[in-house]
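The structure appears below as structure tokens.
The values are calculated or read from the model by the stated rules, or taken from the named source; none is laboratory data. Model, not experiment: these values are computed from the prediction. Counting neighbours? That spans all protein chains shown, and the Cβs are built from the backbone with ideal geometry, glycine included.
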Amino acid sequence: MITFTYAQLLAWLAAFIWPATRLLALLATAPFFNNTSISTTVKIGIALLITLIIAPGLPALPAVSIASPTGLFILAQQIVIGAAIGLTMQIVFAAIEAGADMAGMQMGLSFAQLLTGSTDGSTDVLSRLMNMVALLAFLSIDGHLQILGVLIDSFYRIPISDTPMAAAGLRTLVVWGETIFSAGLLLALPIIIALLIVNLSLGVLNRAAPQIGVFQVGFPLTLSTGFLMLQWMTPNLMPFFARLFGAGMDAVARVISALG
């Protein structure tokens with residue numbers, strides 16, 4: 001009869017729970033996986049399946065009980081590491097949504113709100129459209145598989161241990177957060193400049209001929225100009241998104257190196 005001790009059982013659970021926790025933290029924060037349309041059951045199933053595949057080949061785990069204070073500390077570290085990797089890539093999508101928000105506000109679309117799939121909050125229609133296009137671009141370059149591959153590689157670059165991770169990794173993540181403003185402004189700049197010219201022209205027209213009624217023609221004119229600029233920008237969106245995704249993957253590599 002096969003017998004095993006309580007200590008062996010805890011060791012087997014630790015070898016399975018610690019990697020699964022890092023995976024679940026990534027799935028809860030990374031783009032595409034954190035979408036609310038993907039049920040929690042599916043996310044747990046993906047994490048458990050990947051853990052079963054990679055667990056036998058992981059570096060040696062510390063001989064610590066998972067229920068001990070040290071074991072809980074290791075568990076918390078896995079959550080932070082997985083969430084840091086997912087949030088690093090999520091910042092790219094936050095930058096795209098921020099740029100679309102800026103453009104949509106200038107176009108007058110801020111009154112049209114839709115629920116988002118990633119944050120479960122509301123955003124304007126242009127931001128929602130940009131998010132969907134960026135997500136399709138992310139899937140077309142296998143970004144979801146790349147982020148999973150980076151996480152699996154992190155088990156070898158940051159092995160599961162009771163050694164505290166370096167705080168430099170979180171500082172790297174915070175510094176990378178400035179991309180939300182820089183890349184977002186870069187995305188919205190063509191529409192903002194075009195609408196600024198339109199608004200200045202309307203202001204001059206209102207001073208020269210007040211009887212025209214600038215307020216009646218201003219909104220449809222700015223909206224039409226915004227959509228024309230958006231149509232002109234569309235062919236260049238994919239290369240722009242590809243560069244952002246590449247920069248995001250580089251940032252993930254820097255965060256992992258700094259955490260380790």
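A few notes on this one:
- Residue within the range 86-103 that is over 30 Å from residue 197 (Cα atoms), of a type in the set (Val, Ile, Thr) and either touching a residue at least 60 places away in the same chain (Cβ under 8 Å) or surrounded by 18 or more Cβ atoms within 10 Å (Cβ to Cβ) (or both) present: yes
- Scanning the range 154-195 for residues that are without any contact (Cβ under 8 Å) to a residue 24 or more places away in the chain and not in a loop (DSSP other than H, G, I, E, B) gives 174, 175, 189, 193.
- Taken residue by residue, the range 112-134 has at least one member that is among the β-branched types (Val, Ile, Thr) and at pLDDT 75 or above.
- Residue that is surrounded by the most Cβ atoms within 10 Å (Cβ to Cβ), among those in the range 173-226 that are under 30 Å from residue 254 (Cβ atoms) and among the hydroxyl-bearing types (Ser, Thr, Tyr): 179
Residue-wise test of (1) under 20 Å from residue 161 (Cα atoms); (2) in contact with a Lys or Arg (Cβ under 8 Å, 6 or more places away or on another chain); (3) of a type in the set (S, T, N, Q); (4) modelled with pLDDT of 90 or more.
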| position | (1), (2), (3), (4) |
| --- | --- |
| 13 | yes, no, no, no |
| 16 | yes, no, no, no |
| 24 | yes, yes, no, yes |
| 28 | no, yes, no, yes |
| 37 | no, no, yes, no |
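- Residues (of a type outside the set (Gly, Ala, Ser) and within 15 Å of residue 18 (Cβ to Cβ)) located in the range 77-91: 77, 78, 79, 80, 81
- Selection within the range 42-57 - within 17 Å of residue 25 (Cβ to Cβ) and either free of Cβ contacts under 8 Å to residues at least 40 places away in the same chain or of a type outside the set (A, V, I, L, M, F, W, C) (or both): 42, 43, 44, 45, 46, 47, 48, 49, 51
- Candidates 84, 76, 95: the one that is modelled with pLDDT of 85 or more, in a helix (DSSP H, G or I), out of contact with any helix residue (DSSP H, G or I) (no Cβ under 6 Å at 6 or more places or on another chain) and under 30 Å from residue 165 (Cα atoms) is 76.
- Which numbered condition residue 162 misses (of (1) buried (at least 16 other Cβ atoms within 10 Å of the Cβ); (2) modelled with pLDDT under 90): (1)
- In the range 19-73, the residue that is farthest from the chain's Cα centre (by Cα) out of those that are surrounded by 16 or more Cβ atoms within 10 Å (Cβ to Cβ), outside any helix (DSSP H, G or I) and among the β-branched types (Val, Ile, Thr) is 64.
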